[in-house]
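Working notes, beginning with the structure itself.
No lab work stands behind these numbers, since they all come straight from the coordinates. Predicted, not measured: the structure shown is a model, and the values here were computed from it. Here Cβ is always computed from backbone atoms with ideal geometry, including for glycine, and neighbour counts include all displayed protein chains.
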Amino acid sequence: MAAFKIGQLVRYGQAGVCDVREVVKMNAGSGEAPYYALSPLFKPGSPMVYVPCDNEGLTGRMCPLLTPEEIEDLLKRAEKAPCPWNRDFRKRSEENRKALLSSDRLDALVMIKSILAHKKEMSEIGKVVHTTDDYFLRDAEMLVYHEIAYVLGEPYEAVSARVRALLSE
């Protein structure tokens, strides 16, 4: 089981960058157990997220933030990654949902890259992408770009423009 410290910043699933505020005892039905209390940094007004300390599946989604070097390496890998597009809407949505829930930033960036490429294709023929794809794009960008912006100390908008340009080439 990974141990996280109070005050440590982590990325957690769809909550994004969170501050580990405390470890609290909560009754989970089978007695009291320790939980990490996470406070999402970029979702003002969001409630605390509680993650059971002894649940490896859920604590496995808590990741220390990337370093600047890891971010640059990640962006290079995403730039070179293939750009798959599953034409089956249901399968694509499930793949995108899994990418968002995973801790794998490369999966999220490849999803962003694929949706951006499809948006460009659709735009060239006067069409738009499915609304659900736009939602996945927005959510993935928020999760990944907030972490990058925080770590690099850059404005979110600058990170968004830089990464979109890199992945759209």
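The table below lists the values:
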read-out	value
³J(HN,Hα), Karplus 6.51/-1.76/1.60, whole Hz, each residue of the stretch 103-112, x for Gly, Pro	8, 7, 5, 5, 4, 5, 5, 5, 4, 4
Loop trypsin sites (Lys or Arg not before Pro), the stretch 1-102 (other Cβ atoms within 10 Å of the site Cβ: 13 or fewer; DSSP)	K5, R87
Potential lengthening between Y156 and S102 on full extension [0.36 nm per residue; Cα-Cα distance subtracted]	17.3 nm
Gyration tensor over alpha-carbon atoms, the chain, equivalent ellipsoid semi-axes in Å	32, 18, 13
Choice from I71, I112, I125 with maximal GNM fluctuation in the chain (Cα, 10 Å cutoff)	I125
Charge sum, other residues only, whose C-beta stays under 14 Å from K76's C-beta, Lys/Arg counted +1 and Asp/Glu -1	-1
Most mobile listed residue (D88, D104, D133) in the chain, GNM with C-alpha springs under 10 Å	D88
Segment H130-V23, extension gain: residue separation times 0.36 nm, minus the distance between their alpha carbons	34.4 nm
Count of lysine pairs in the chain with Cα separation under 20 Å (8 or more residues apart, or interchain)	10
The stretch 9-64: relative contact order in percent, alpha carbon pairs under 8 Å with at least 6 residues between	33 percent
Estimated Rh, the stretch 9-64: Kirkwood, alpha-carbon pairs, angstrom	11.4 Å
Estimated dipole of the stretch 9-64 in Debye, rounded to 20 [Cβ of Lys and Arg +1, of Asp and Glu -1, Cα centre]	220 debye
The stretch 68-168: mean projected area of Cα convex hull, nm²	6.1 nm²
Sorted by Cβ density within 10 Å, fewest first, the residues S102, S30	S30, S102
Test item: Cα-centred dipole of the stretch 1-129, Lys/Arg +1 and Asp/Glu -1 on Cβ, debye	520 debye
Given charges at Cβ of Lys, Arg, Asp, Glu: the stretch 13-169 dipole, positive-most of V23, V49, F89	F89
Extension gain from Q14 to S46, taking 0.36 nm per residue of separation minus the Cα-Cα distance	10.3 nm
Gyration tensor (alpha-carbon) shape descriptor, the stretch 123-162, a/c threshold 1.5	oblate
